[in-house]
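All remarks here apply to the structure that follows.
The values are calculated or read from the model by the stated rules, or taken from the named source; none is laboratory data. Note that the coordinates shown come from a computational prediction; the quantities given were computed from them, not determined experimentally. Cβ atoms come from the backbone with ideal geometry, glycine included; neighbour counts cover every protein chain shown.
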Amino acid sequence: MGEPSEFDQVTEETLRAALKVDIVIIGAGQAGLSSAYHLKSLGLTPGRGFVVLDQAPQPGGAWQYRWPSLTLSTVNRVHDLPGLGFAEYAGGDASVKASVAVPHYFAEYEEHFGLQVIRPARVSVVCPRGERLRVESDRGLFSARGIINATGTWEKPYIPDYPGAESFGGQQLHTRDYRTAEQFAGKHVLVVGGGISAIQLLDEISKVTRTTWVTRTPPRFREGPFDEDAGRKAVAMVEERVRAGLPPRAVVSVTGLPVTPAIEAMRQRGVLDRQPMFSEITSTGVHWDDGRTLDVDVILWCTGFRSALDHLAPLQLREESGGIIMTGRLATQVEKDPRVHLVGYGPSASTIGANRAGGAAARELMAYLGLEEKRRSGQAKG
């Protein structure tokens, strides 16, 4: 477990005062844990030099909330965290739920490296306080010289606003609300969205009941292998947007959808007969501009998420475009406030991208704050 942190000795009375640390990491998913690992590797002590705050009740990041049918055999991929591989925790059983296996892995990771994550700790706001940043949470106040924000997107599901949505008499839900296909048995389900999650849920639900698939733009399926070079090019395109201060797009919007055996089977079943986006929602279904209508019982919005950054609003990081200008080697550093790094934002939103970005953010933030020089000086004196 490592040495006890200062936080372990904090009383209710002292929680009213801000605990001073060098760096606060907000979020303990893939990006947050990767950042914590690298900060510790660079010489900062968990609980003293840096703290990790996570609002979830247990380890696992967003994985702990995934639908039960998402198993290790159906998940896109679980990437290793730095320093400790995932394979040994999977147990070789592909039928294990991702919502069980990955949280177990994250918990073992936190324990193995003594990262001392504080949870549940919901951060309500981060405010500038001169040379420091004040982090307010329901587990106390923290005064930090720098922030690594790794809050991801799970808390910000996105549902586009369409005319008539409030009049629909059926059920509307988002990807994050989905549990099992059986809950829709006997109902006509309209699946909206062209990402990987939309395809996965369309596949499951179509085996149980009638479905219709709708996307804003025609889906782009990717034939053939997706090699490392193609991956780098895709991430570079997303990175270019955030460096220009534009709102990030999902990497899949650049890479396209891989043609897997499951997708081939869906084609043969006629499930991938995609319809263009409707223009209006009615009390019984949806309506298109060309006059067509469709009655449905359920609208499942697989329309993605937005970055959960509302707690950073007092820092005024956004541009008029709605995006944030990012800099640094892997575009994790906020240009307007270099004390703030966003990991899991834009090009680092993928799990493998979060690992690399966590290391870059840790090194760059420590260098900016002069912590690497201080550490080297201390080692020289020792």
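May I ask you to verify whether P163 is in a strand (DSSP E or B), surrounded by fewer than 19 Cβ atoms within 10 Å (Cβ to Cβ) and over 24 Å from the mean Cα position of the chain (by Cα)? Let's see the steps before the verdict.
Working: in a strand (DSSP E or B): no; surrounded by fewer than 19 Cβ atoms within 10 Å (Cβ to Cβ): yes; over 24 Å from the mean Cα position of the chain (by Cα): yes.
Spelling it out, it is not the case that P163 is in a strand (DSSP E or B), surrounded by fewer than 19 Cβ atoms within 10 Å (Cβ to Cβ) and over 24 Å from the mean Cα position of the chain (by Cα).
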When the residues of the stretch 283-304 are narrowed to those that are farther than 30 Å from P247 by Cβ and out of contact with any Gly (no Cβ under 7 Å at 6 or more places or on another chain), which ends up surrounded by the most Cβ atoms within 10 Å (Cβ to Cβ)? G285
Quick count over the stretch 88-135, residues being of a type in the set (F, W, Y), more than 28 Å from P68 (Cβ to Cβ) and out of contact with any Pro (no Cβ under 9 Å at 6 or more places or on another chain), is 0
Complete set of residues in the stretch 186-203 that are surrounded by fewer than 20 Cβ atoms within 10 Å (Cβ to Cβ) and either of a type outside the set (K, R) or without any contact (Cβ under 8 Å) to a residue 12 or more places away in the chain (or both): G186, H188, G195, I196
If I filter the stretch 247-262 for residues that are modelled with pLDDT of 85 or more, closer than 30 Å to P338 by Cα and either surrounded by 13 or more Cβ atoms within 10 Å (Cβ to Cβ) or not small (G, A, S) (or both), do I get at least one hit? yes
Spot the failing condition for V100; the list is (1) surrounded by fewer than 20 Cβ atoms within 10 Å (Cβ to Cβ); (2) modelled with pLDDT of 95 or more, and only one is missed. (2)
Please give the number of the condition L294 fails out of (1) closer than 30 Å to Q171 by Cα; (2) of a type in the set (A, V, I, L, M); (3) in a loop (DSSP other than H, G, I, E, B). (3)
Exclusive hit being of a type in the set (D, E), at pLDDT 95 or above and not assigned by TED's automatic domain parsing to the domain that holds T74, set D289, D310, D337: D289
Just a yes or no: is a residue in the stretch 171-185 of a type in the set (F, W, Y), in contact (Cβ under 8 Å) with a residue 24 or more places away in the chain, surrounded by 19 or more Cβ atoms within 10 Å (Cβ to Cβ) and assigned to a loop (DSSP other than H, G, I, E, B)? yes
Residues located in the stretch 186-203, provided they are assigned to a loop (DSSP other than H, G, I, E, B) and under 19 Å from V286 (Cβ atoms): K187, H188, G193, G194
Of all residues in the stretch 319-367, which are surrounded by fewer than 24 Cβ atoms within 10 Å (Cβ to Cβ), assigned to a helix (DSSP H, G or I) and in contact with a Gly (Cβ under 7 Å, 6 or more places away or on another chain)? A360, E364
Filter the stretch 204-233 down to the residues that are at pLDDT 95 or above and assigned to a loop (DSSP other than H, G, I, E, B) and list them by number. K207, V208, T209, R210
Can you work out which of the residues in the stretch 122-153 that are over 16 Å from V334 (Cα atoms) and in contact with a His (Cβ under 7 Å, 6 or more places away or on another chain) is surrounded by the most Cβ atoms within 10 Å (Cβ to Cβ)? V123
Just a yes or no: is a residue in the stretch 141-153 assigned to a loop (DSSP other than H, G, I, E, B) and under 30 Å from I281 (Cβ atoms)? yes
